[in-house]
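Structure first, commentary second.
Each value in this text was obtained by applying a stated rule to the coordinates, not by laboratory testing. Because the structure is a prediction, the values reported are computed rather than measured. Here the Cβ is made from the backbone with ideal geometry for all residues, glycine too, and neighbour counts use every protein chain on show.
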Ligand code: NBG
């Protein structure tokens with residue numbers, strides 16, 4: 001129960017009206033949605049501050065071990081609803097707004113959706129912050145305050161265009177600027193030997209932290225996400241024009257993942273990485289010194305978690321502080337560092353494993369590079385002397401080689417723990433991709449399967465289902481998501497099934513309304529909503545999905561019995577392609593071209609629709625996940641480290657149609673064969689096929705008439721309103737390379753769809769399967785993941801009971 005402003009709807013209304021008058025000189029009736037949002041946000045923030053102070057006091061008193069989660073991405077989504085719910089004040093505000101005749105939803109939607117991330121990796125980080133606060137752990141995020149988030153996607157004539165996402169244009173009500181804690185970050189310059197190495201930077205850039213509170217669920221705990229902003233340092237770089245300096249600053253906290261095809265682009269990315277890593281380490285170390293007066297015991301109180309390799313430079317930075325500033329001996333400094341750092345790997349895709357050219361790193365960060373050299377030298381010596389590795393073995397594992405710094409190697413050498421993000425992924429790391437490492441450090445590798453916060457992805461985004469769950473199994477699952485399992489008793493209960501189907505339909509209607517509003521396309525809420533939403537990447541195989549739709553469309557036009565047996569389908573896609581990823585953008589164009597053809601054919605219209613939603617992001621996902629019947633998780637097995645969309649869909653009662661990849665494997669195991677549609681090659685088969693080098697898509701093309709005719713449609717003028725060669729590259733790619741085995745898995749994929757189509761006709765059977773999916777989804781709550789991290793890796797405990 002809250003006191004003060006949020007105690008009752010009357011107290012809230014009074015405070016709200018007064019503040020609106022004080023700030024905007026307006027009565028409520030004259031206020032705009034933006035003004036209402038700003039005032040509500042300010043009042044909520046003040047309420048948060050009370051808990052924040054209490055949390056800080058508690059931490060001061062208890063001195064718990066703290067986790068600092070360093071990540072280049074945090075895809076937070078809107079915070080307003082989350083904050084209202086976690087504080088437990090949403091009902092009061094809603095009641096007050098109702099009386100005032102305002103729509104709280106509309107006000108909540110006024111908040112910009114900060115896109116400080118690309119996809120799963122960044123959204124995972126956001127879920128983990130929510131769970132750390134909700135479980136009462138002292139855990140904090142560390143990232144950059146990008147002025148522009150991930151681009152806003154516009155679809156023009158079927159093509160993706162990128163528009164800037166100016167998310168800060170109206171200010172950001174949640175952040176607190178902490179000027180006093182600003183830190184100068186050094187770049188360039190030279191090292192001199194003066195009785196020890198001394199670094200003379202050429203320039204400094206000031207990092208100013210902005211803290212965004214992370215509110216725990218009904219526990220009065222407030223953690224924070226620290227975002228660093230680049231600003232001019234008081235130590236002005238000599239000889240540099242104000243304009244050049246300003247441009248440089250602007251870029252550092254400008255955008256996420258700037259184009260890195262040029263030397264300058266690469267240098268900028270590396271600057272960003274060092275900027276936020278060094279600033280984060282420095283602020284933690286300073287705080288620790290204030291509290292403990294020594295860094296000897298750093299690892300008893302601090303974990304630096306490296307989320308993928310982007311923050312790797314925190315390792316040599318910590319060494320630099322210990323050696324150069326605190327005069328530790330190497331071995332002692334190394335002990336402290338290696339007991340404090342843990343690393344999560346999120347992909348086995350070679351192109352995503354970072355390698356930084358030495359000729360970029362050395363001039364930019366001379367002392368840091370020198371320390372990496374020393375770490376590498378000592379590591380290689382140890383391999384030779386202690387483990388008797390030969391030169392080949394040593395150069396394979398070395399941190400430096402082929403003119404680059406291998407960031408993952410540095411993380412594995414320095415981290416006391418390395419984890420993968422789903423069981424299959426960790427197994428592949430241990431047995432294939434990082435086999436040599438696992439032999440060298442047999443106890444370092446572990447698995448923590450990803451999770452999603454059920455607060456955002458069930459309770460907040462699907463209030464209708466939440467309400468039904470509450471009245472059916474009680475609300476204990478809110479605190480203990482494993483209690484969703486109680487739903488198993490109702491899976492076969494027809495009354496409950498009907499209620500579930502009603503909820504599902506409501507969510508489908510809501511999504512259909514949005515699609516109609518934004519894209520002017522009518523979709524049938526009684527059709528099967530078959531959805532694939534995720535980043536666009538070849539390994540995720542949106543192309544296979546599109547080809548399959550082409551196949552279905554063709555069948556509907558030519559095969560009467562197929563048509564009679566076909567349950568109406570709406571295929572929904574949402575995906576952003578990296579701006580420079582040409583082929584991915586082609587696939588978007590293909591999907592939109594197929595959609596246009598299909599959606600305008602009256603002959604098939606009632607049975608088949610294809611939607612590509614524009615600008616898929618966290619807020620859109622909140623509407624999409626609850627509306628799905630089928631969740632498409634169709635990556636080439638072994639390539640999707642985990643996936644997290646698969647978990648969100650499952651928790652909202654969609655059935656997975658997917659490969660044995662990432663966390664699908666664990667979903668499959670939990671729901672068992674009857675409640676999932678698994679198809680295609682498994683990871684071993686894929687690996688073997690790669691290794692044998694025997695795959696030849698042309699063989700399939702020439703022997704398989706179905707595939708041949710489908711592929712030919714890409715180049716034979718079938719799509720009337722695009723150039724005949726628009727999809728020639730797609731055709732060639734499939735025919736000559738097909739690196740992700742689209743053709744190979746196509747028939748199995750088609751069969752899986754046929755099964756789903758047939759089962760869906762039996763509504764009750766389908767509902768039963770969907771309910772079982774919800775019942776089994778509790779383990780994918782990020783509370784479980786964070787508990788795993790806390791006990792297996794971080795060794796941290798809640799600061800409250
Ligand atoms: C992604 C994987 C996903 C996984 C998320 C979160 C990167 C580098 N990796 O499968 O592709 O779910 O990380 O772990 O973004």
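A few remarks follow.
- CD proxy at 222 nm, helix term only [per DSSP H run n ≥ 4: -39500 (n - 2.57); per residue of the chain; nearest 500]: -14000 deg cm²/dmol
- The Cα center of segment 126-141 and the Cα center of segment 144-182 differ in position by 23 Å.
- Antiparallel bridges, percent of DSSP beta bridges restricted to segment 505-629 (to nearest 5): 0
- Among 288, 548, 387, the order by Cβ neighbours within 10 angstrom, fewest to most, reads 387, 288, 548.
- Mean-position separation - Cα centroids, segment 409-451 and segment 328-380, in angstrom: 17
- Each of the peptides 206-213, 529-536, 28-35 was scored by the mean count of other Cβ atoms within 10 Å over its residues; in descending order, highest first, they stand as 529-536, 206-213, 28-35.
- The distance from the alpha carbon centre of segment 581-604 to that of segment 690-742 is 16 Å, rounded to a whole number.
- Three-way shape call for segment 497-590 based on the alpha-carbon gyration tensor, with the a/c threshold at 1.5: oblate
- Residues 644, 558, ranked from the fewest to the most other C-beta atoms within 10 Å, line up as 558, 644.
- Cβ-to-Cβ counts within 10 Å put 59, 368 in ascending order as 59, 368, the fewest first.
- Annotation: the antiparallel percentage among DSSP beta bridges lying fully within the chain is about 45.
- Three-way shape call for the chain based on the alpha-carbon gyration tensor, with the a/c threshold at 1.5: oblate
- Separation in nanometres of the label points that stand 7 Å from Cα toward Cβ, at residue 193 and residue 517: 7.0
- Overall form of segment 591-673 per C-alpha gyration tensor (a/c, 1.5; a/b vs b/c): prolate
- Relative protection proxy for 322-332, 453-463, from highest mean packing down: 453-463, 322-332 (other beta-carbon atoms within 10 angstrom).
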